[in-house]
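Report on the following structure.
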Amino acid sequence: MVSYATQHNQRSKLCALSKLPTKQWCAGLCKDFERKLRGLNPSMATITYDVVDLYAYVDQMADISALVYAPEPNAYIPCNKEWIKKQAYLHLRNQGGKNRR
């Protein structure tokens with residue numbers, strides 16, 4: 001389970017991507033970021049970004065956390081921003097490899 005809060009014009013937005021596999025919530029996080037970029041650049045036909053840009057997006061969030069199920073000890077383990085950024089990097093790397101084929 002992943003949840004995060006962002007601040008936009010003094011409004012809070014809380015998103016929960018619950019009970020999704022890591023691959024799916026990483027895709028959701030990237031889509032949210034891409035939606036933000038499109039809003040900031042509506043005249044651009046194509047939006048491109050680097051993992052560093054996604055890291056900055058995650059870092060500016062008021063809060064982001066993940067609870068990841070671990071079979072041993074049969075519990076959900078809390079994960080921080082650094083873990084989430086690593087998972088996002090792995091997701092983007094895998095997406096890049098698929099696009100080159």
Discussion item. Under 5 Å between amide hydrogens, which residues at least 5 positions from residue 68 or on another chain qualify, with H placed 1.01 Å from N in the peptide plane?
Written reply: 77, 79
Worksheet, complete the sentence: Pseudo-spin-label distance residue 68 to residue 38, built 7 Å along Cα→Cβ, given in nm, is 2.9
Worksheet item: Can you work out ³J(HN,Hα) from phi for every residue in region 79-84, in order, using Karplus 6.51 cos²θ - 1.76 cosθ + 1.60 and θ = phi - 60°, giving whole Hz and x for Gly and Pro?
Response: 10, 9, 4, 4, 5, 5
Discussion item. Taking the alpha-carbon distance from residue 31 and a cut-off under 20 Å, which aspartates and glutamates remain once sequence neighbours fewer than 8 residues away in the same chain are dropped?
Written reply: 50, 53, 59, 63, 82
Fill in: Ranked packing of 63-75, 38-50, 21-33, most packed first, by mean Cβ within 10 Å
21-33, 63-75, 38-50
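Values in this text are rule-based calculations from the coordinates and carry no lab data. Computed from a predicted structure; not experimentally measured. Because the Cβ atoms are built from the backbone with ideal geometry, glycine has one as well, and the counts that use them run over all protein chains shown.
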